[in-house]
Amino acid sequence: MSDLLKGPFHLTNTLTRKKEEFVPLRPPHVGLYVCGPTVYSDVHLGNVRSFLTFDVLYRWLTHLGYKVRYVRNITDVGHLVGDVDEGEDKIAKRARLEQLEPMEIVQKYTNGFHDVMRLFNILPPSIEPTATGHLIEQIGMVERIVESGYGYEANGSVYFDVPKFAEKHAYGELSGRRIDELMSNTRDTEGQDEKRSPLDFAIWKKAEPQHLMKWPSPWGEGFPGWHLECSAMSTKYLGLTFDIHGGGMDLKFPHHECEIAQSVAADGVAPVRYWMHGNMLTVNGRKMAKSEGNGFTPEELLTGNHKLLEQGYSAMTVRFFMLQCHYASTLDFSNAAMQAAEKGLERLMAAVVTLHKLKPGATDGADVEALTGRCYAAMNDDLNTPVMIAELFEGVRIINSVHDGKLELTAAGIDSLKGLYQSMVFEVLGLKEESSSASDDGAMDGLVQEFIRMRAEAKARKDFGSSDAIRDRLLALGIVLKDTKEGTTWERA
Ligand SMILES: [Zn+2]
């Protein structure tokens with residue numbers, strides 16, 4: 001199709017709260033940064049939705065012909081319990097509880113995160129930098145902030161002076177917060193005496209002697225503040241100012257607000273041209289959270305092994321379900337909605353198979369070009385995947401009518417439809433073929449591998465109880481584990 005039909009891409013900039021035409025700084029290159037996971041626990045489905053949102057953005061920009069450098073970090077130090085400046089490091093705490101090295105925790109949950117991303121067909125980024133791998137860049141940024149007068153050292157820690165920064169620059173613009181309101185809402189917290197203002201945040205923290213993760217710095221041994229890594233790494237890989245920064249809605253404040261302040265203080269420029277935030281996932285109307293008991297893991301979802309689940313659902317059903325909602329809206333997870341998504345996806349995939357069997361006729365009884373234009377228009381309108389999917393179902397009606405002999409399409413018309421479905425269904429929405437059953441080989445492979453790994457670990461611990469439990473769960477899915485000389489394999493019961 002012509003580039004004209006592809007049209008300009010508009011996206012909602014959460015900084016201006018407006019839908020704006022996307023114009024990259026250095027076309028055809030696009031710099032995209034997305035806040036990645038803190039690797040201290042298993043990923044839950046709410047996290048999957050956030051990464052899926054930016055996967056679709058990445059896929060769409062790529063489809064439009066942009067050369068995207070997509071940076072998504074791994075937070076492996078500095079994220080403290082409760083997201084505040086005091087308290088234990090989340091990874092160090094987990095290491096203590098699991099009696100492992102912090103870097104073993106990091107590796108374990110990074111691997112788990114990658115498995116889940118693969119399961120849901122979420123593409124890997126171009127660069128996946130870690131905070132511990134960029135200490136030099138972070139220390140350099142702290143030094144620049146101190147030099148500019150917006151950072152001060154206190155007892156081996158360095159804090160960002162928010163009130164001083166706010167005198168000359170906008171602080172709170174992204175999240176719509178006002179500095180005077182923030183001031184009146186603060187409460188005293190432990191360790192605050194080091195800060196000049198309760199609004200100040202740590203960019204470098206002094207490490208106590210027993211602290212496991214610490215590095216030498218001009219201010220003594222310590223570790224970087226959580227907000228700092230994203231500023232330092234986005235600057236390193238994407239430049240002082242780059243195109244798009246994404247993250248979950250909950251990161252707007254304080255995390256992203258602090259990122260803006262750090263970059264402006266250190267380098268004198270606003271770092272991001274378009275901010276984009278994905279909305280959250282609720283379950284039966286309540287926010288998904290581990291503490292609510294509704295933050296089920298992808299594994300529980302696939303097996304249906306959770307009290308809130310009536311059955312297991314395949315990874316592609318979940319992906320399709322999420323894409324049927326606009327990324328900026330809240331999405332409620334329910335069994336009824338999932339079952340509807342399962343049927344919808346089956347119908348769509350069946351039509352793709354039918355499309356490849358259609359016999360051409362002499363005339364075009366449907367306007368495939370107009371349909372294509374509407375699909376592009378929907379995606380260019382702030383990644384409106386629900387509208388695009390509705391258009392694809394309009395196409396399903398055409399495909400089935402041609403198949404039933406009620407409508408005719410020429411060979412060229414059929415080819416255009418094939419091209420459209422190849423692009424939209426597989427490349428842009430990122431769906432892949434899988435049977436409707438949750439025990440499909442493709443969808444199950446990652447999970448089975450995970451079970452095999454868990455079983456090997458249980459064996460190593462001589463924990464046969466847990467190993468049997470795993471065998472039972474696999475049996476329920478019609479899968480039998482077999483021990484051979486080469487290791488554990490699996491086959492259908
Ligand atoms: Zn971040």
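It is to be established whether one or more residues within segment 264-274 are within 13 Å of the ligand (Cβ to nearest atom) and either surrounded by fewer than 24 Cβ atoms within 10 Å (Cβ to Cβ) or within 18 Å of M141 (Cβ to Cβ) (or both).
Among the residues of segment 264-274, at least one is within 13 Å of the ligand (Cβ to nearest atom) and either surrounded by fewer than 24 Cβ atoms within 10 Å (Cβ to Cβ) or within 18 Å of M141 (Cβ to Cβ) (or both), which makes the answer yes.
What pairs come up if the first residue lies in segment 26-45 and is closer than 21 Å to H256 by Cα and in contact (Cβ under 8 Å) with a residue 24 or more places away in the chain, the second is more than 10 Å from the ligand (Cβ to nearest atom) and small (G, A, S), and their beta carbons are under 7 Å apart, counting only those six or more places apart or on different chains?
Taking only residues 6 or more apart or on different chains, the pairs are G31/G239.
Please go through segment 16-46 and pick out each residue that is modelled with pLDDT under 95, within 16 Å of the ligand (Cβ to nearest atom) and of a type in the set (A, V, I, L, M).
Hit for segment 16-46 is V39, nothing else.
Could you identify the single residue in W219, W204, W226, W215 that is in contact with a helix residue (DSSP H, G or I) (Cβ under 9 Å, 6 or more places away or on another chain), assigned by TED's automatic domain parsing to the domain that holds V158, within 16 Å of the ligand (Cβ to nearest atom) and among the aromatic types (F, W, Y)?
Being in contact with a helix residue (DSSP H, G or I) (Cβ under 9 Å, 6 or more places away or on another chain), assigned by TED's automatic domain parsing to the domain that holds V158, within 16 Å of the ligand (Cβ to nearest atom) and among the aromatic types (F, W, Y) holds for just one of W219, W204, W226, W215, which is W226.
Could you tell me whether segment 248-261 includes any residue that is more than 10 Å from the ligand (Cβ to nearest atom), over 17 Å from the mean Cα position of the chain (by Cα), of a type in the set (D, E) and surrounded by fewer than 24 Cβ atoms within 10 Å (Cβ to Cβ)?
Yes, the conditions are met somewhere in segment 248-261.
Does S157 meet the test of being touching a Lys or Arg at 6+ places or on another chain (Cβ under 8 Å), among the hydroxyl-bearing types (S, T, Y) and surrounded by 16 or more Cβ atoms within 10 Å (Cβ to Cβ)?
Yes: the conditions hold for S157.
With the condition kept exactly as written, say whether any residue in segment 272-291 is over 18 Å from the mean Cα position of the chain (by Cα), under 24 Å from G78 (Cβ atoms) and not hydroxyl-bearing (S, T, Y). Working first, answer last.
From segment 272-291, those over 18 Å from the mean Cα position of the chain (by Cα) are 272-273, 283-286, 291; that's our starting set.
Then drop every residue that is not under 24 Å from G78 (Cβ atoms), which leaves 272, 291.
Narrowing further to those that are not hydroxyl-bearing (S, T, Y): 272.
For segment 272-291, residues over 18 Å from the mean Cα position of the chain (by Cα), under 24 Å from G78 (Cβ atoms) and not hydroxyl-bearing (S, T, Y): present.
Run T363 past the list (1) touching a helix residue (DSSP H, G or I) at 6+ places or on another chain (Cβ under 8 Å); (2) hydroxyl-bearing (S, T, Y); (3) more than 30 Å from L308 (Cα to Cα) and report the number of the one that doesn't hold.
For T363, the failing item is (1).
Checking the condition away from the ligand (no atom under 13 Å from the Cβ), crowded, with 20+ Cβ neighbours inside 10 Å and not hydrophobic (A, V, I, L, M, F, W, C), which residue from N294, N279 passes?
Testing whether each residue is away from the ligand (no atom under 13 Å from the Cβ), crowded, with 20+ Cβ neighbours inside 10 Å and not hydrophobic (A, V, I, L, M, F, W, C) leaves just N294.
Only one of these is over 16 Å from M213 (Cβ atoms), within 16 Å of the ligand (Cβ to nearest atom) and of a type in the set (K, R): R59, R72, R49. Name it.
R72
Tell me, please, whether a residue that is touching a Phe, Trp or Tyr at 6+ places or on another chain (Cβ under 6 Å) and either crowded, with 18+ Cβ neighbours inside 10 Å or of a type in the set (S, T, Y) (or both) can be found in segment 184-197.
yes
Give all pairs with beta carbons closer than 6 Å in which a residue from segment 223-234 that is more than 15 Å from A265 (Cβ to Cβ) meets a residue that is of a type in the set (S, T, N, Q) and near the ligand (Cβ under 9 Å from one of its atoms); count only pairs at least 6 apart in sequence or on separate chains.
What qualifies is M233/N73.
The values are calculated or read from the model by the stated rules, or taken from the named source; none is laboratory data. Everything numeric in this text was worked out from a predicted model, so none of it was measured. Using ideal geometry, Cβ is built from the backbone for each residue, glycine included, and neighbour counts are taken over all protein chains shown.
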